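S.K.: Handing you a structure now.
The values are calculated or read from the model by the stated rules, or taken from the named source; none is laboratory data. Keep in mind it's a predicted model, so treat the numbers as computed, not measured. Positions of Cβ are generated from backbone atoms using ideal geometry, with glycine treated the same way; all protein chains shown enter the neighbour counts.
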Ligand code: SF4
């Protein structure tokens, strides 16, 4: 299988390459990231990937385009939706075009490793591009290995970026050390949840009842609960451990699974709603 993997940076590629090689799939990396600004940051990420690819003997193609002006022109009208409406699309479409023109059977992206990216949105874009260009899309949920990959990247001394890529994400991450993008997202999710409870209209929102739960939903709830349990366990036992976490999670699911609804916003799982029995 000839696979072209869009690659956003070296640290994200660590787990993706490793797990594909375990499947006996040898990817060719494809660098096309005109969303990374300023140039000094673009260069640092590109050059790190060049060195890393060489060190592990993986083929890498560099489509070198620093696109500050073009990027800003295209996202400025709708900054909130810049990732889905523009950034993912241009990078992935260029990757697919290259794959198609150069005899690759299939494509994927390292963006699937990050829990901070809009995973479902990226998947949807890839599926549409696969249809449009008549090429196979290799989907892998690399998020399971995110922490492992990041830890290995740190061990290897790779350059680790502190923000997603564009100057707008840089502004969010550096604007205030306390108000990180993740905190803004959590706050937005809480506001959404409050609106739902008050019966207000929220555009692009879907409430799906959790019945038996697919793997992705269970993992989502597990991760959310982990934060809560961790604090709870540490308070009582002084030390958190995975076994207690699992026991508490199983008990939670046994007692509450009928009363869970999941909030999807723009196809993205954002929160769980846990209703009290007497409220239904
Ligand atoms: S935040 Fe990241 S994914 Fe979104 S537009 Fe900026 S660089 Fe692209």
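S.K.: Going by the structure shown, is residue 133 crowded, with 19+ Cβ neighbours inside 10 Å and over 19 Å from residue 14 (Cα atoms)?
M.R.: For residue 133, the condition - crowded, with 19+ Cβ neighbours inside 10 Å and over 19 Å from residue 14 (Cα atoms) - is not met.
S.K.: Failed condition for residue 3, given (1) surrounded by 13 or more Cβ atoms within 10 Å (Cβ to Cβ); (2) within 15 Å of the ligand (Cβ to nearest atom), with all others met?
M.R.: For residue 3, the failing item is (2).
S.K.: Mind checking whether some residue in the range 89-96 is assigned to a helix (DSSP H, G or I), within 19 Å of residue 140 (Cα to Cα), in contact (Cβ under 8 Å) with a residue 24 or more places away in the chain and out of contact with any strand residue (DSSP E or B) (no Cβ under 8 Å at 6 or more places or on another chain)?
M.R.: Yes: the range 89-96 contains one or more residues that are assigned to a helix (DSSP H, G or I), within 19 Å of residue 140 (Cα to Cα), in contact (Cβ under 8 Å) with a residue 24 or more places away in the chain and out of contact with any strand residue (DSSP E or B) (no Cβ under 8 Å at 6 or more places or on another chain).
S.K.: For the range 47-77, what are the residues that are surrounded by fewer than 18 Cβ atoms within 10 Å (Cβ to Cβ), more than 11 Å from the ligand (Cβ to nearest atom) and part of a helix (DSSP H, G or I)?
M.R.: Once the filter is applied, which keeps residues that are surrounded by fewer than 18 Cβ atoms within 10 Å (Cβ to Cβ), more than 11 Å from the ligand (Cβ to nearest atom) and part of a helix (DSSP H, G or I), the range 47-77 yields 47, 50, 51, 54, 55, 68, 69, 70, 73, 76, 77.
S.K.: Also: Which of the residues spanning the range 217-259 are out of contact with any helix residue (DSSP H, G or I) (no Cβ under 7 Å at 6 or more places or on another chain) and outside any helix (DSSP H, G or I)?
M.R.: 238, 239, 241, listed by residue number.
S.K.: Can you pull out the residues in the range 14-46 that are within 16 Å of the ligand (Cβ to nearest atom), in contact (Cβ under 8 Å) with a residue 40 or more places away in the chain and assigned to a helix (DSSP H, G or I)?
M.R.: Selection gives 41, 44, 45.
S.K.: With respect to the numbered conditions (1) more than 23 Å from residue 171 (Cβ to Cβ); (2) modelled with pLDDT of 95 or more, which one is the sole condition not fulfilled by residue 35?
M.R.: Every condition holds for residue 35 apart from (1).
S.K.: Same structure again: Select from the range 147-165 the residues that are within 16 Å of the ligand (Cβ to nearest atom) and under 22 Å from residue 108 (Cβ atoms) and list them in ascending order.
M.R.: 161, 164, 165
S.K.: Here's something else I'd like to know. Give me the pairs, please: first residue somewhere in the range 209-220 and assigned by TED's automatic domain parsing to the domain that holds residue 259, second residue anywhere and in a helix (DSSP H, G or I) and surrounded by 10 or more Cβ atoms within 10 Å (Cβ to Cβ), beta-carbon distance under 7 Å, and either six or more positions apart or on two chains.
M.R.: From the range 209-220, the pairs are 210/217; 210/257.
Yes/no per residue for (1) modelled with pLDDT under 80; (2) within 29 Å of residue 45 (Cβ to Cβ):
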residue	(1), (2)
148	no, yes
152	no, yes
157	no, yes
164	no, yes
173	yes, yes
195	yes, no
215	no, no
222	no, no
